Amino acid sequence: MANTYSQLYIHIVFAVKGRQNLISAIWKDEIYKFITGIITNKEQKLIVINGMPDHVHILIGLKPDKSISDLVRDIKANSSKFINDKKWINGKFEWQTGFGAFSYSHSQLTNVINYIRNQEEHHKTKTFKEEYVEFLKLFNVDFKNEYLFDDV
């Protein structure tokens, strides 16, 4: 799109189905590199990626002609296939249905990057669900607690 300029920063969060601890430290970097490749191939800008054994955080610069839902669908579908093809787990690897997407201004990026990089530290004191609910409340997202992660 000629003469279109934007600055859209999106923090994407999604979990392993059933919030199981299936993302092993042994292959965590490899799956993050694979996800980075998906984002790059979709012509989006990866800023930072990190997570825990049960979920992933991704901060991207999103171009206005790309749907967040389409991008996350592609990330989840292709990375699931990659993990299953590698046979890293017994059984079938799947991501949980849905995702969180939260927008930030340029002035907030340093804090968000540090937050994502320091996931291990945050999760010494809170679960993924507690973290996720905090995000939903912070961004005033309407939700029903009984429907959060209902596909376990």
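Solvent-accessible area per residue in the stretch 21-120 equals 53 Å², computed with a 1.4 angstrom probe and all protein chains kept. Summing Cβ point charges (Lys, Arg +1; Asp, Glu -1) relative to the Cα centre of the stretch 21-152 gives a dipole of roughly 340 debye. Leaving out ligands, DNA and RNA, what percent of the accessible area of the chain is carbon and sulfur, probe 1.4 Å? C and S fraction of accessible area: 48 percent. With only the Cα atoms considered, the stretch 24-87 has a convex hull volume of 78 Å³ per residue. Working note: Cα gyration tensor of the chain, eigenvalues times five, square-rooted, sorted largest first, giving semi-axes of 23, 20, 15 Å. With distances taken between every two different alpha-carbon atoms, the stretch 95-152 has a Kirkwood hydrodynamic radius of 13.0 Å. With contacts taken as Cα pairs under 8 Å at a separation of at least 6 residues, the stretch 17-69 carries a relative contact order of 34 percent.
Only helical runs count toward this figure. For the chain, summing -39,500 (n - 2.57) over DSSP H runs of n ≥ 4 and dividing by all residues gives -11500 deg cm²/dmol at 222 nm.
Within the chain, DSSP assigns beta bridges of which about 100% are antiparallel (rounded to the nearest 5). Residue pairs exceeding 31 angstrom between C-alpha atoms, taken from Lys66/Lys124; Lys86/Lys137; Lys42/Lys144; Lys63/Lys129; Lys45/Lys137: Lys66/Lys124; Lys86/Lys137; Lys42/Lys144. Using C-alpha pairs under 8 Å with a sequence gap of at least 6, the mean separation divided by the residue count of the chain gives a relative contact order of 34 percent.
By the scheme Lys and Arg +1, Asp and Glu -1, what is the net charge of all other residues having a beta-carbon under 12 Å from that of Ile10?
Once positives and negatives cancel, what remains is +3.
In the elastic network of the chain, a GNM with C-alpha springs shorter than 10 Å, the most mobile of Asp54, Asp142, Asp74 is Asp142.
The values are calculated or read from the model by the stated rules, or taken from the named source; none is laboratory data. These numbers were taken from a predicted model, which means no experiment stands behind them. Cβ sites come from the backbone with ideal geometry, for glycine too, and all protein chains shown count toward neighbours. Heads up: the accessible areas ignore ligands, DNA and RNA and are worked out on the full protein's heavy atoms, side chains in. Shrake-Rupley method; radii C 1.70, N 1.55, O 1.52, S 1.80 Å.
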